[in-house]
Each structure stands twice: as structure tokens, then as C-alpha cells.
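A short write-up of the structure that comes next.
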Amino acid sequence: MYQTILVKVLLWTAYLISLYFAIFWFLVLMEKEKKLKLRILKRCPYVSIVVPAYNEKKNIIATLESLTNLSYPKNKLEIIVVNDGSTDNTSNIVADFICRNKYKNVKIINKKNEGKGAALNDGLAIAKGDFFVCLDADSFVTKDALKKILPYFTDESIAVVLPLLKVANPKTLWQKMQWLEYIINLFYKRLMSRLNCVHVAPGPFSVYRKDVLKQIGGFDENNITEDLEITLRLQSKNYKIVQVLDAEVFTLSPKTFKGLYKQRKRWYKGSIINAFKYKYMIFNKKYGDFGIMQMPTIIISGLIAITLVISSLYYGLKPYIKTLYNSIFIDFDFYTLIKAFKFNFSLLDLDYMTMLVAIITLCISILVIRKSHAAAKEKPSKYGTLALVSYLFFYFFVIGLIWIGIMIDFALWKKQKW
């Protein structure tokens, strides 16, 4: 009895909070977006691109080829590969690539393994560019990405501009669901950037003002999500972060649930750790919409995911557990139970309030999917109906299970490795 009431209270709290945020962002979507007057590049600024690499022998060449093929003046571009103590052949492969193609603007730094944050800071220390770009060694840029991003630096308050990040060549169902997730998340980030509410600048091709990065002390070398931490630090200094939808970058995504679980566990743990690190920003009017709307959602989103999973399991398994319990009193004579079973259904038994919330949520989800894919110039059905249906009705459950795993890790004081 008390368990049912508690689950209902938690479930309806999750419903109402989710509905509140959904309606809020829907209203932001309906508002006419102010056209940003892009800066005309009278001259191409010098740009430094840093590629931190650890055991990336399979992907590093494709990453470097995408960079050397950028439609940007070679004398205004430097590419720095930071080999972070790789134990495979990454260093030799990069050195051979540079020598074979005689690239004068590509260099490699070999160092002991200290993590991605330290690798980025080593690149930052020798970078000559006015702009600093980071690119993960499993990601690839389109030729015109850099030229499309730079005009968005319209004033000194804009510290970083983010590209449209997509999953590269999804093959498995897990990758196809992530492809949908990335498109939708980037659309939300575009809405967030209208209110300066972007909370993470991803590793693949985020473009920073180098002087701003140096001014705030570079990347946190002890953080498991250095991209999230640096963004929160920029927000705490009241800098602006802009999300664009016309500069495409592609990244490899986990093929299996095991790979997805490992990746997201680090991401979500990092979000909790950094939310507590910058807890003074939560509900703080000094930080505008970011403090009031975005900071709380970093933690609330995880709690909502856990609540939905627990309630789904509770209501889904409760009838079967009750039947199993009652079977004890008839010595598990299931044949008698089946014979005595009578189908007794009434429309009055349906929970219409829950159904209404579910229908509203589904309608909003479909609208967001359509809008986000239109903005990204993609079709929701590009990778099949199964991926779309799985994303709508199954993916949230998977994310909730990952959050539960994270809560267990925190309870057991398990330290997260990169």
C-alpha cells in the first residue's frame, strides 16, 4: 500500500517536472529566433587544432586526413597531435603520416600518460593560433566546418562555438539510437544557446578563443569530463557559448550496450561531480537562465530517469510477483490457476490521467524529433523504423538503468576511471 503511494508520488513528480521543462523549451522553440549577424572574415585568423590521442592507431589517420583536407589556408592552420603515452603504434603511425605527406603544419608531441585534460593543456601551451580547437582522435570534420564556425564569433563575450555533432556510419541498433539521440540533443542545445544555457562543449571540434582559455587556466587535468567542466567554468565567468547547426562533425559511437554503459557512466558521473563543484550556480539569478533552468536539470534529469525505470519495473512486475506469491498457497498449481482464469476488463480500470500525460509526452517527442531532424537536414526514418521506435519506447529505460548503476557506484564509493 505505502510502496504504491510512494511510487505514484515519485512518478507524478517526474511527470510534472518533465512536462514543465518540455513546455518551457517548446515555448522557446515557438519564439522567433533573433538572427545573429555573422562576422565577415576579412582575413583568416590563425587556428590551432589539438588532437589528444591515446591508443588510437585504428582511427588517427582518418581524423588527420579530415583535418588536412579542411578548406582553410594551410599557412593559417597548425595541427598538433598529443600522443598521451599510447601503448600501441599511434606515435609511429602519426610520424609516418607527417613524413610521407610532407606536412609542415602537422606536428606530434609524445608524452607520458596523464589523461585528456593534461594532453589538451600541453597542446594549449605551444598553440600559436588566435583560436584553439580540440578534436577527439575518433572524430572527423567536414571540409567547410571551420570556415562556417569562425563567423559566429561576433563579439568578445562569445568564448566557444560548437559544431553539429553526428554519429558516423551507425551500423548496430545501439549506434542508430545514438544517432537519433545526438540529432535531438544538438537541437536542444541550439535552443539552449538562445538563452545561453549550453552546459557542455564536446570534444569533437569545439572552437575556443585561445586567450579566454588561458585566462581561465586551461582544462582541469583531474576531471573525468573536462569538456563539461570547462563549459561550466566559462558559464561561471558569464561567457557565451553558441551552438550552430550548419558545421558538421562526425564521431564514432559505442557499438554495444557494454560500450555505451562505460561511456555514459563516465559522462553522467562527471555531470554529478561537476554539478556539485559548481553548486553555487544552481538557482542563482546571477547566472540568468543557465543558473535557474540548466544547472538544476543536470541532476534532475538523472533522478527522473531512475524514477521512470523503477516505476516501470514496479508496475510491470507487480502482477506477476503477486501471482507468484499467491501460488505458494496452492502449491504452485498453475494449471488450476489457468483453468480458473477469467478475462475481466473494464474501461473504468484504465488510468486516464497517466495515459493523458503519456500521450502529451509522446506528441511533444514526435514534434521535437521532426523539428530537430529538419534543422539537421536529416530524416528520422533514415536508419529504419525499428531504430526510431526503439529510441522512443526503449532508450529512456536503458539510460535509466545506467543512472541506477551510477547511483550504486556512488553508494559503494567506486572511483571512476577515464
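We did not get these values from a lab; they are worked out from the coordinates using the rules stated. What you see is a predicted model; the values in this text were computed from it and never measured. All Cβ positions, glycine included, derive from the backbone under ideal geometry; neighbour counts span all protein chains shown.
Things worth noting here:
- Kyte-Doolittle mean at least 0.5, axial Cα span of 20 Å or more - DSSP H helices of the chain: 2-30, 295-327, 352-375, 395-411
- Taking every alpha-carbon pair under 8 Å whose residues sit at least 6 apart, the chain reaches a relative contact order of 17 percent.
- Percent antiparallel among DSSP beta bridges (both partners in the range 45-292, rounded to 5): 25
- At R0 = 51 Å, FRET efficiency that the Cβ-Cβ distance of PHE397 and SER157 yields, to 0.05: 0.80
- Computed extension length for LYS35-THR385: 122.5 nm, one decimal, from 0.36 nm per residue of separation with the Cα-Cα distance subtracted.
- If the segment from GLU65 to ILE408 were pulled out straight at 0.36 nm per residue, it would be longer than the present Cα-Cα gap by 119.3 nm.
- Normalising the average separation of contacting C-alpha pairs (under 8 angstrom, six or more residues apart) by the number of residues puts the relative contact order of the range 248-298 at 23 percent.
- Legend: P(r) of the chain from all alpha carbon pair distances, 10 Å bins from 0, whole percents, reading 4, 19, 29, 24, 12, 6, 4, 1, 0.
- Pairs from LYS32/LYS279; LYS107/LYS166; LYS74/LYS166; LYS102/LYS147; LYS116/LYS277 whose Cα-Cα separation, in the structure shown, is over 29 Å: LYS32/LYS279
- Point-to-point label distance, LYS102-LYS143, nm (Cα→Cβ direction, 7 Å offset): 2.2
- Amide proton proximity set for ASP88, modelled H, under 5 Å, gap of 5+: ASN55
- Loop GluC sites (Glu not before Pro), the range 150-246 (other Cβ atoms within 10 Å of the site Cβ: 13 or fewer; DSSP): GLU156
- The stretch between LYS258 and LYS285 holds 5.7 nm of extra length on full extension. This uses 0.36 nm per residue minus the Cα-Cα distance.
- Distance in nm between pseudo-label sites at THR361 and LYS74 (7 Å out along the Cβ direction from Cα): 5.5
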